[in-house]
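Enquirer: Pasting in a structure now, in structure tokens, and then I'll have a few things to ask.
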Amino acid sequence: MKIVVCVKQVCQVCGRSGLAPETRFLTPQDLVYRVNPYDEAAVSVAARIKGASDKTEVHLLTLGPLTAERELRRCAAMVEANDLFQIVSDADLDPRSKSDLLAQAIRNIGPDLVLCGKESIDTRHGQVGAFLAHSLGLPFVASIKELDISAEGKARVERSAGRGLREILESTLPAVFSVDMGAQALLLPSLEQKKRADRLVVRTLAFEEGAKPRTKRVGLHPPRPRPKKIAAPDSRLPAFERIAQLLSAGRVEKKGVVLNGTVESQVDGLLAFLKEHSLFNARNVPGGE
Amino acid sequence: MFTVFDPLLITAALLVMIAGTAVRWRSWQRGRKEERSGDWKGLCGYLLSHRKIMRKDRSGIAHLLLFWGVLLPLAVIFLAQFSFVLPAKLAGALSLFLNLLGAAAIVGILFFLVRRMGKDGSPPEGVLPPAVLLLFILLSGFEAQGVRLNIVPAPLWTAPVGALFSALSPASPLFLQLLIRMHLLAVLLLVATLPFTFLRHVTAGALNVYYKSKGPRGALRPLAMEEGCLGAKTVEDLSWKQLLDAEACVSCGRCEENCPAFLSGKPLSPRKVIRTILNQMATPRGSHPLLGEAVTTEELWSCTTCMACVAHCPLYIDPLDKVVDMRRYEVLGKGAAPVEARPMLRNLELFGDVNGKSASHRTDWALNQEVPLLSGQPVEVLLWVGCSGAFHPAYRETTRAMVRILKKGQVSFAILGKEEKCCGDPARRLGEEALFLDLARENIRLFNRFSFKKIVTLCPHCFNVLKNEYPALSDNLLPGNFEVLHASQFVLELIEQQKITLKYPVRSTAAIHDPCYLGRANGVYEPLRKIAGAVPGLVLHEFQRTGESGFCCGGGGGRMWLHESGTHINTLRAKEIAQSGVGLVSTACPYCLTMLEDGLGGLELEKRPKVRDLIDIVADSLG
Ligand code: SF4
Ligand code: SF4
């Protein structure tokens, strides 16, 4: 059996810890380049099938520049991939045109099963699987969690149908399934598998006929500050700066001390503060100096 | 007295012993290469003082009696072959001394016999025959003396024990001859079988002590990955010293008696691990099952890497490094890390921290704290925050407390900020050596960019790794000009130099829970106690299991991320704490803090003792 798993390299935004609005408050440390975790789940499914029969071949397919090659190779190691294909393209593609390119490559490979993640964590379109199936004219099931291949060569998949319902579907092969996370145990490749994957040559594919995107992103707004625990902006600052601080949702420098410690030390701290700011006159207190 | 056959017999016994020793020698020499240097002084000190053996009082004393009770008479018998004459008084005194020593040795061997029979009456393999033989040698010696006294009387005071035997013995020269022959035969039998019974610890044990590790106890052996070694799949993957460890084991069970995993009913016993290795060493190369099967994965993952077994073994045997080597093979060789630990390892790979919060959030704890970031300016102290210090909700308070202390002491310090990565301890202890190396190298590169005199860490695990393990990396690139201190050591310095004063009383009865990686791994016991002593109002008690015998919280060795079945180790410790009646448990480790909190929480006590990091207590009391 021949399986193709489509893996997308994504840039995960882990936070916005910068202060500059022009970089959308992003700093290099906020970005982690990796393989889309849903696609990793698809690789795990493929690895399980491969583990059950040694005649299975698994080919990984990615599109665009190698921004996370190490992680890509890690996926190849997880499933002991036979090949790692890269479709070369710099174009700004929409899900439809991406699927067209992927479909061309898949047709050349001719697999019995195509797996991909149910969506990607960067754009979250969740369309590639469906479009792929459409272009290839194959059956499609979305968001599967489990997959078994029966002796008669049929696929039996399980997916969550919401509210705890688990749906089991049977499909003829070849087919396209998109995979959901959560049911597959994380795979950590062994060192030997990693070494073998490191030796794998990335096979590039280029397709003459560049697919034309018919939809286009025309705007992208940074997330609105969500209600989360951040320090109150310094009230002594002008409103504009305070709003900028809130928007950055990261480090907010603010003067002031929080008193902790024993009760006695807190009392002493309070007194010291009051005295320092001339808010307290010991002579007015009975028993004071 | 000697017959012509005796030299033959003696030669035969010696030959059998030498051949046996050679066979055993080959069995442990088949391990991997490892550089070790011997230490004569250490060995002599060990034998003369018996300190390590005497850590357990009664068996220690019994061993001491037996050791001298056999060694000295042997020496005298040897010297007696060169016939020289001693003044009668001196000879009498010597005879008295040997008599008493012999009696002491009998007491020693009887003690061991009774103890080794154990509760279930089945001593470990290979223990009974040599012990019985030894007892027979001693008794037959005395009996021979008794008979001789009946034939050739001597003053009572020179051989009081022999005199006791003489009361029940005939005055028959023939019987005396018979006794002497049997005595000699028994001795020869003992000598010939020495390499095959647990008595081989006489040689293997001494050798093991001679080659004992001189490095810090907490440092794990680097793995020769470039030579294709991925940990221990079979016994041949262990080093010769690791196999010598197994060869030297006397199955005394001290490791087991102190192992938190064993005591809480987990399948792991460090003694069994060592015995399994010993058994496999006896099988021909390649014929034995994998260590992963003889020692189950369940056993492997039960270890908290607390080093109690290492600390308590009288023969400097290290069961832990075998456990870690087998873990390494599970993870690197088979990709079979425990499922529960995988997300944590993956987080380390991707984000550089155990929680997967990523570098973006590593300095969130410092919000509003005005914590200086390391830059081109040299500073005295690099405050190593660690994953717990940066992300653990409760332990972030401790980090902030440390910052308050440093500021109060006017220390020039800074943090690495978002660039700091996990030190790699959880990965390494779980056997993920490759990941550990990646993290360590990144951190070392970072150290090289800045200038500082000291690294101060809050977490003992970071402390141990930075101090003992980074310098030992094969491609060590560490700038060698700084020292690594645990926060407690540094804070004690501040107190002693009167840079900070502890003014506000913290009224409580407290006891210190020694973190394994501070105490057993690095011998840092005193600073914790001295600091606690400096806090006004704090009345310090000691737990029953404390210091070198301190009981693990159950969180080390990656166990923090693993499922625990049966009785939880932290529950056991929490019960001890509850029984001790203290109101405050002071520790100095984020794992201990969490595990003990959880353990005590689970006991549903009416008045639950508080668990706090010593740094928090100091910050509370800071004047
Ligand atoms: S390893 Fe050490 S402590 Fe454990 S049984 Fe063997 S000799 Fe005793
Ligand atoms: S390190 Fe601790 S848990 Fe592991 S075997 Fe030794 S005593 Fe037991």
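Enquirer: Run down B:VAL339, B:VAL331, B:VAL324 and say which single residue is open to solvent by less than 20 Å² (accessible area, probe 1.4 Å), of a type in the set (Val, Ile, Thr) and either without any contact (Cβ under 8 Å) to a residue 24 or more places away in the chain or more than 16 Å from ligand 1 (Cβ to nearest atom) (or both).
Expert: Exactly one residue qualifies, and that residue is B:VAL331.
Enquirer: Another question, then. Does the stretch B:262-298 hold any residues that are outside any helix (DSSP H, G or I) and either within 13 Å of ligand 2 (Cβ to nearest atom) or open to solvent by less than 30 Å² (accessible area, probe 1.4 Å) (or both), and which are they?
Expert: Passing the criteria: B:SER264, B:GLY265, B:LYS266, B:PRO267, B:LEU268, B:SER269, B:HIS288, B:VAL295.
Enquirer: Then there's this: Examine the stretch B:240-253 for a residue that is outside any helix (DSSP H, G or I), at pLDDT 95 or above and within 12 Å of ligand 1 (Cβ to nearest atom), and state whether such a residue exists.
Expert: Within the stretch B:240-253 (the criterion being outside any helix (DSSP H, G or I), at pLDDT 95 or above and within 12 Å of ligand 1 (Cβ to nearest atom)), the answer is no, since none of the residues qualifies.
Enquirer: I've got another one for you. Whether any residue in the stretch B:474-489 is buried (at least 23 other Cβ atoms within 10 Å of the Cβ), modelled with pLDDT of 95 or more, among the aliphatic types (A, V, I, L, M) and more than 23 Å from B:MET595 (Cβ to Cβ) is what I want to check.
Expert: No, there is no match, as no residue in the stretch B:474-489 is buried (at least 23 other Cβ atoms within 10 Å of the Cβ), modelled with pLDDT of 95 or more, among the aliphatic types (A, V, I, L, M) and more than 23 Å from B:MET595 (Cβ to Cβ).
Enquirer: Here are some conditions: (1) without any contact (Cβ under 8 Å) to a residue 40 or more places away in the chain; (2) away from every other protein chain (no Cβ under 14 Å); (3) part of a loop (DSSP other than H, G, I, E, B). A:LEU26 meets all but one. Which one does it not meet?
Expert: (2)
Enquirer: Say whether the condition of being over 28 Å from B:THR193 (Cα atoms) and free of Cβ contacts under 8 Å to residues at least 60 places away in the same chain is met by at least one residue in the stretch B:73-83.
Expert: yes
Enquirer: In the stretch B:212-253, how many are within 13 Å of ligand 2 (Cβ to nearest atom) and over 20 Å from the mean Cα position of the chain (by Cα)?
Expert: Number satisfying all stated conditions: 0.
Enquirer: Okay, moving on. When you scan the stretch A:192-203, do you find a residue that is more than 28 Å from A:VAL88 (Cα to Cα) and within 14 Å of another protein chain (Cβ to nearest Cβ), even just one?
Expert: Yes, the stretch A:192-203 has at least one match.
Enquirer: Here are the criteria: (1) within 14 Å of chain B (Cβ to nearest Cβ); (2) modelled with pLDDT under 75; (3) under 30 Å from B:VAL618 (Cα atoms). Tell me which single one A:PHE280 does not satisfy.
Expert: In the conditions (1) within 14 Å of chain B (Cβ to nearest Cβ); (2) modelled with pLDDT under 75; (3) under 30 Å from B:VAL618 (Cα atoms), A:PHE280 misses (1) alone.
Enquirer: Within the stretch A:33-56, work out how many residues are outside any helix (DSSP H, G or I) and either β-branched (Val, Ile, Thr) or buried (at least 17 other Cβ atoms within 10 Å of the Cβ) (or both).
Expert: Total meeting the criteria: 4.
Enquirer: Tally time: how many residues in the stretch B:254-274 are more than 8 Å from ligand 1 (Cβ to nearest atom), in contact (Cβ under 8 Å) with a residue 60 or more places away in the chain and under 17 Å from the mean Cα position of the chain (by Cα)?
Expert: Counting residues in the stretch B:254-274 that are more than 8 Å from ligand 1 (Cβ to nearest atom), in contact (Cβ under 8 Å) with a residue 60 or more places away in the chain and under 17 Å from the mean Cα position of the chain (by Cα) gives 4.
Enquirer: Can you tell me which residues in the stretch A:245-277 are of a type outside the set (Ser, Thr, Tyr), farther than 19 Å from B:GLN369 by Cα and either at pLDDT 70 or above or surrounded by fewer than 14 Cβ atoms within 10 Å (Cβ to Cβ) (or both)?
Expert: Once the filter is applied, which keeps residues that are of a type outside the set (Ser, Thr, Tyr), farther than 19 Å from B:GLN369 by Cα and either at pLDDT 70 or above or surrounded by fewer than 14 Cβ atoms within 10 Å (Cβ to Cβ) (or both), the stretch A:245-277 yields A:VAL263, A:GLU264, A:VAL267, A:ASP268, A:LEU271, A:ALA272, A:LEU274, A:LYS275, A:GLU276, A:HIS277.
Enquirer: Select from the stretch B:348-368 the residues that are open to solvent by 10 Å² or more (accessible area, probe 1.4 Å) and in contact (Cβ under 8 Å) with a residue 60 or more places away in the chain and write down the one among them that is nearest to the other protein chains (Cβ to nearest Cβ).
Expert: Per the criteria, the residue is B:ALA359.
Enquirer: Looking at (1) crowded, with 22+ Cβ neighbours inside 10 Å; (2) closer than 22 Å to B:LEU345 by Cα; (3) more than 14 Å from chain A (Cβ to nearest Cβ), which one does B:VAL456 not meet, given that it meets all the others?
Expert: (2)
Enquirer: Please find, within the stretch B:503-527, the residue that is nearest to B:ALA578 (Cα to Cα) out of those that are within 14 Å of another protein chain (Cβ to nearest Cβ) and of a type outside the set (A, V, I, L, M, F, W, C).
Expert: The residue in question is B:SER508.
The values are calculated or read from the model by the stated rules, or taken from the named source; none is laboratory data. Since we're looking at a predicted model, the values are computed, not measured. Ideal geometry is used to build each Cβ from the backbone, glycine not excepted, and the neighbour counts take in all protein chains shown. Ligands, DNA and RNA are excluded from the accessible area calculation, which covers all protein heavy atoms including side chains. Shrake-Rupley method; radii C 1.70, N 1.55, O 1.52, S 1.80 Å.
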